[in-house]
Amino acid sequence: MAPGSIDSTPAASLRIRHITMISLGGVMGAGFFIGSSGAIAMAGPAVLLSYAFAGILIFFVNLILCDLLGRTPHRGSFVSQVGHILGPRYGFVMGWTYLLVWITTLAAEIMAAASLLAPLVPLPYWLLELLVLASMTALNLASVRGYGETEYCLSFTKVAAVVIFILIGAIALATGHHVPHAAFLGGSLFPHGGVAILSAVPIVVFSMAGTEIGTIAALDSDQPKKNIARLARTIAIRLLGFYLSSIAVILCLLPWQNIAPGHSPFLQVLDALRIPFADTLMTIVILAAVLSTLNSGLYASSRILRDVALAGNAPATLRATATASGIPHRAILCVAAASAAVAASAILSPTVVFAFLISVVGVFIIAGNMMIVLARLYLVRDGRRAAILTLAGLGAVLVAMAVDPHARHELALGVVAIGGILMLERIVSALRRRAVKGRALPEPARGQSAP
């Protein structure tokens, strides 16, 4: 039975409570607490429609993903599923785009954590980055159960904070404490036009990316198939509720024009309501969110990197796991090193390397979701309507990006990057065929030269 099979796991160390919180933890990072400001600036109050549309797409992608895992067991993670169903080229693109998304995300979260700790800890910024990354790496290397318990606590902190924020906002609205000229109290709901709704979706999808971590974590549980099915029914609905409710509270309590990209709108609301110690509380919550994303990102991307290596699309040494625990220690260290390198590029080449990676992740996520849906359409001929509608919705987002001048540049860079990955796949395939052909040649007889 293949490693990572849906029916058999080496550790079976995680329970459903871990898996549920891990799924939530993967999608409530700095991209939610801070990155939502960028989506609001792009679409205005209509960003609620962007969140609703993105949430529905992710919900159906999760249903499709779990259906694939149930129909083709013994094939490892969803990256392996895509490669098995659509062919090795798709598996190569799926694996490396997914890894690049997470490596870039991890680098951004490392920098965010260092920025939050810098005013509190008298150490150089670069050293703070290394300490944060080293601590999360050590935690992932130690044990799957330790990772799960830590992620449970960090995710619980974030979920509790969002629930409390929504309650505070609801009380403020019920008692008439609102800011004049807030989004729903006057002005246009579509200040940048209808296209901006779809153009903001990649930003929203990026902040929601990570629901698939639950399916990866389920492979380390005692009942993977049952837990995956349970996640498919519940996780996207919970996320949609958290996201829509909190963004609606923000738009009801603040004028959207006052929400500055790169600043936490959650903190702006709490400051406007004069909540005591708002800065300190939000710093703790955002730090928990950042550490949680680092924790889950290292876990998920290392498992995917091992799957990529098992498919022959990464060095064979990355297939290795610790004998007792089944932890892919070499893959974890490789992902951590790559994330550190990308974080360093943000300092050494902020307007070239890092800016390029940040620009393409949204397109990578959309493309990855499209490949999951295509795999489902290729595998199963019945019940295809939902998959076709999901694929059409994802395509509409790319079309909107092409039409919107603000998003067109990111779409072009994403297409170029995927083209580069396809070229790399051709080179790797050619080298692999040459190596196989070389091993297949008969050895020359004694006294004769090789041809």
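The values are calculated or read from the model by the stated rules, or taken from the named source; none is laboratory data. Computed from a predicted structure; not experimentally measured. Please note: Cβ atoms are built from the backbone with ideal geometry, for glycine as well, and neighbour counts cover all protein chains shown. We work out accessible area using only protein heavy atoms, side chains counted, and drop any ligands, DNA or RNA first. Shrake-Rupley method; radii C 1.70, N 1.55, O 1.52, S 1.80 Å.
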message: I'd like to know if segment 286-300 contains one or more residues that are within 30 Å of Ala435 (Cα to Cα), under 22 Å from the mean Cα position of the chain (by Cα), not charged (D, E, K, R) and not in a loop (DSSP other than H, G, I, E, B).
response: no
statement: Checked segment 301-320 for anything among the aliphatic types (A, V, I, L, M) and in a loop (DSSP other than H, G, I, E, B); matches are Ala311, Ala314, Ala320
Where Ala108 falls short, out of the listed (1) in contact with a Leu (Cβ under 8 Å, 6 or more places away or on another chain); (2) within 30 Å of Ile284 (Cα to Cα): (1)
- request: Using the structure shown, decide if Ile64 is in a helix (DSSP H, G or I), modelled with pLDDT under 90 and within 30 Å of Arg426 (Cβ to Cβ).
  value: yes
query: Among the residues of segment 249-258, is there at least one that is open to solvent by less than 10 Å² (accessible area, probe 1.4 Å) and modelled with pLDDT under 75?
result: no
message: With the structure loaded, tell me whether Ala346 is touching a residue at least 40 places away in the same chain (Cβ under 8 Å), surrounded by fewer than 24 Cβ atoms within 10 Å (Cβ to Cβ) and touching a Cys at 6+ places or on another chain (Cβ under 9 Å) or whether it fails that test.
response: no
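One line per residue, one yes/no per condition, for (1) at pLDDT below 85; (2) over 30 Å from Pro202 (Cβ atoms):
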position	(1), (2)
His406	yes, no
His409	no, no
Ile421	no, no
Glu425	no, no
Val428	no, no
Arg433	yes, yes
Pro442	yes, yes
task: Taking Ala320 as the residue in question, decide whether it is in contact (Cβ under 8 Å) with a residue 60 or more places away in the chain and either aliphatic (A, V, I, L, M) or touching a strand residue (DSSP E or B) at 6+ places or on another chain (Cβ under 6 Å) (or both).
output: no
- request: Please verify whether segment 294-309 includes one or more residues that are open to solvent by less than 50 Å² (accessible area, probe 1.4 Å), touching a Gly at 6+ places or on another chain (Cβ under 6 Å) and over 30 Å from Tyr90 (Cβ atoms).
  value: no
field: Filter pass, Arg274 being open to solvent by 10 Å² or more (accessible area, probe 1.4 Å) and in contact with a Leu (Cβ under 9 Å, 6 or more places away or on another chain)
entry: no
- prompt: What are the residue pairs meeting all of these: first residue in segment 103-123, first residue surrounded by fewer than 23 Cβ atoms within 10 Å (Cβ to Cβ), second residue of a type in the set (S, T, N, Q), Cβ atoms under 7 Å, and 6 or more apart or on different chains?
  reply: Leu116/Thr283
task: May I ask you to say which residue of Val93, Val79, Val121 is more than 17 Å from Gly29 (Cβ to Cβ) and part of a loop (DSSP other than H, G, I, E, B)?
output: Val121
- request: Among the numbered conditions (1) open to solvent by 40 Å² or more (accessible area, probe 1.4 Å); (2) at pLDDT 70 or above; (3) not in a helix (DSSP H, G or I), tell me where Gly193 comes up short.
  value: (1)
- request: Would you be able to tell me the number of residues in segment 363-406 that are open to solvent by less than 20 Å² (accessible area, probe 1.4 Å) and assigned to a loop (DSSP other than H, G, I, E, B)?
  value: 2
- request: Filter segment 259-271 down to residues that are open to solvent by 30 Å² or more (accessible area, probe 1.4 Å) and assigned to a helix (DSSP H, G or I) and give me whichever is farthest from Phe59 (Cα to Cα).
  value: Asp271
query: Any residue at all in segment 38-48 that is of a type outside the set (S, T, N, Q), open to solvent by 10 Å² or more (accessible area, probe 1.4 Å), farther than 26 Å from Leu106 by Cβ and in contact with a Ser or Thr (Cβ under 6 Å, 6 or more places away or on another chain)?
result: no
